[in-house]
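Participant: The structure is given below, and queries will be raised subsequently.
The values are calculated or read from the model by the stated rules, or taken from the named source; none is laboratory data. Quick caveat: nothing in here was measured; it's all calculated off a predicted structure. Quick reminder, even Gly has a Cβ in these numbers, built from the backbone with ideal geometry, and neighbours come from all protein chains shown.
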Amino acid sequence: MIDDNKIAPIDGRLEYEIRAKHPDDIDFERIHSEEEDYESAPPEYEIHTYPADFTLEVLHQKWKAHDIEIPQFQRQFVWRQIQASKLIESFLIGLPVPSVFLYTERKSQKFLVIDGQQRLRSVFYYFDGLFGEETKGKRQVFQLKGLSEKSRYFNKSYEDLDEADQRKLHNCVLRSFIVQQLDPNDETSIYHIFERLNTGGTLLANQEIRNCVYRGSLNSLLHELNKLSEWRRIVGRPEPDSRQKDVELMLRFFALLSIDHYEKPMKDFLSKFMKANRDPEEGTAQDFKNLFTQTCNTVIDCLGEKPFHIRAGLNSAVFDCVMVGFAKHLDSVPSDIRDRYEALTKPENTVFLKTVTSSTTDKETLKDRFRIANDELFGDKGNEDQAY
């Protein structure tokens, strides 16, 4: 069993957000109260932003040393070679270039690119001599295309430049604005910054943002467990969800094992849990894995496949209280658990139904839901000695 003392404490808030459905999404039920909670005002921050005049050579060195990272959802490089060539020429002939914005992670001191990845990658690709990502194991040689044929830089690669021009390019400055969160001491502002980014018209799901903001061994473990066959049977899809809603459900399960720490909104609560536990001790990580695997196996054995698809889709409120209940009673599951579950979720059980359909992430509603589920599924009904 997981020792609550080994789970990093959180004092945050969080809410589960329902977004417009994508063709590959898991069919989650649209829980009205959760949508309303997303509209709650974000916390206020004290942010320190200051300019830094890095040379292109320094930025390239930081990139090669992995001191600059581009969030996963930003990683598509969309510029054509002509656009990138015009940027390089601007540096060489002394024209101004728009600044980039970098976020400093407090713990690692690495930079996350907030804005400017196309410019940065163009520079790095030119220094490396190859343009873009690999296609069928090959990359284009980066020569300056689309310039005037009279330009002395026309069609030149970095290696074709004379030493003076190479040094000139090395010493060019790309102004960078560095963003640091000073208060509160939790780095949640980066989540809200990325949440507001223009991502080509696609609204990012919460877990897609956490996936890059809170990188670490917990994130890796969640993606590993997301492939578990028993878990896929619970979710009802053979392949992981493209928007990582299944990963978010697992995170919700782990975070609500310690329900006493819960504070709404759910979104911030989950984010703070993931940040606080982003690199758990090896023993704790193994405990997470064992508990989740055993819980999934037991739920499938007792309730069958897709047990939380109460209506059209998977109901996350039913999921969290029942999964956590099973996790805490793995050695004492009643023999009539299936009958108890059917009684719990039948439409006539209006008291429980209200807790999974209205204000589901309200603190008192959530605690009531967990209490009712625990009492009706695992409480003493005269046959507690008959374990499953």
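Participant: If only one of Arg243, Arg311 is touching a residue at least 40 places away in the same chain (Cβ under 8 Å), surrounded by 17 or more Cβ atoms within 10 Å (Cβ to Cβ) and of a type in the set (Lys, Arg), which one is it?
Facilitator: Working: Arg311 fails: surrounded by 17 or more Cβ atoms within 10 Å (Cβ to Cβ).
So the residue among Arg243, Arg311 that is touching a residue at least 40 places away in the same chain (Cβ under 8 Å), surrounded by 17 or more Cβ atoms within 10 Å (Cβ to Cβ) and of a type in the set (Lys, Arg) is Arg243.
Participant: Quick test for you: out of Arg167, Arg175, Arg210, pick the one residue that is modelled with pLDDT of 80 or more and buried (at least 19 other Cβ atoms within 10 Å of the Cβ).
Facilitator: On the way: Arg167 fails: buried (at least 19 other Cβ atoms within 10 Å of the Cβ); Arg175 fails: buried (at least 19 other Cβ atoms within 10 Å of the Cβ).
Exactly one residue qualifies, and that residue is Arg210.
Participant: Does Asp301 fit the bill of being in contact (Cβ under 8 Å) with a residue 24 or more places away in the chain, outside any helix (DSSP H, G or I), among the charged types (D, E, K, R) and over 18 Å from Leu366 (Cβ atoms)?
Facilitator: No.
Participant: Evaluate the following for Ser122: is it at negative phi, among the small types (Gly, Ala, Ser) and without any contact (Cβ under 8 Å) to a residue 40 or more places away in the chain? Break it down stepwise before answering.
Facilitator: Values: at negative phi: yes; among the small types (Gly, Ala, Ser): yes; without any contact (Cβ under 8 Å) to a residue 40 or more places away in the chain: no.
It is false that Ser122 is at negative phi, among the small types (Gly, Ala, Ser) and without any contact (Cβ under 8 Å) to a residue 40 or more places away in the chain.
Participant: Pick from Thr357, Thr361: which is under 26 Å from the mean Cα position of the chain (by Cα), in a loop (DSSP other than H, G, I, E, B) and surrounded by 20 or more Cβ atoms within 10 Å (Cβ to Cβ)? Show your work before the answer.
Facilitator: Numbers: Thr357 fails: surrounded by 20 or more Cβ atoms within 10 Å (Cβ to Cβ).
After applying the criteria, what remains is Thr361.
Participant: Identify all residues within segment 116-130 that are in contact with a helix residue (DSSP H, G or I) (Cβ under 9 Å, 6 or more places away or on another chain) and more than 21 Å from Ile93 (Cα to Cα); write none if there are none.
Facilitator: Residues of segment 116-130 that are in contact with a helix residue (DSSP H, G or I) (Cβ under 9 Å, 6 or more places away or on another chain), as a first pass: 117-128.
Matches in segment 116-130: Gln117 only.
Participant: Within segment 70-104, take every residue that is closer than 24 Å to Ala205 by Cα, in contact with an Asp or Glu (Cβ under 7 Å, 6 or more places away or on another chain) and not in a helix (DSSP H, G or I) and give me the one that is modelled with the highest pLDDT. Write out each step before concluding.
Facilitator: Pass one, segment 70-104, residues closer than 24 Å to Ala205 by Cα: 70-78, 101-104.
Cutting the leftovers down to in contact with an Asp or Glu (Cβ under 7 Å, 6 or more places away or on another chain) gives us 73, 77, 101.
Adding the requirement that they be not in a helix (DSSP H, G or I) leaves 77, 101.
Values: Phe77: 82, Phe101: 92.
Among those residues, the one meeting the criterion is Phe101.
Participant: Continuing with this model, one more query. Residue check: is Asp186 of a type in the set (Asp, Glu) and modelled with pLDDT under 90? Explain how you work it out, then say what you get.
Facilitator: Values: of a type in the set (Asp, Glu): yes; modelled with pLDDT under 90: yes.
The answer is yes for Asp186.
Participant: Report yes if Ser316 is within 27 Å of Ile209 (Cα to Cα), surrounded by 21 or more Cβ atoms within 10 Å (Cβ to Cβ) and either at pLDDT 95 or above or small (Gly, Ala, Ser) (or both), otherwise no. Before the answer, list the steps.
Facilitator: Numbers: within 27 Å of Ile209 (Cα to Cα): yes; surrounded by 21 or more Cβ atoms within 10 Å (Cβ to Cβ): yes; either at pLDDT 95 or above or small (Gly, Ala, Ser) (or both): yes.
It is true that Ser316 is within 27 Å of Ile209 (Cα to Cα), surrounded by 21 or more Cβ atoms within 10 Å (Cβ to Cβ) and either at pLDDT 95 or above or small (Gly, Ala, Ser) (or both).
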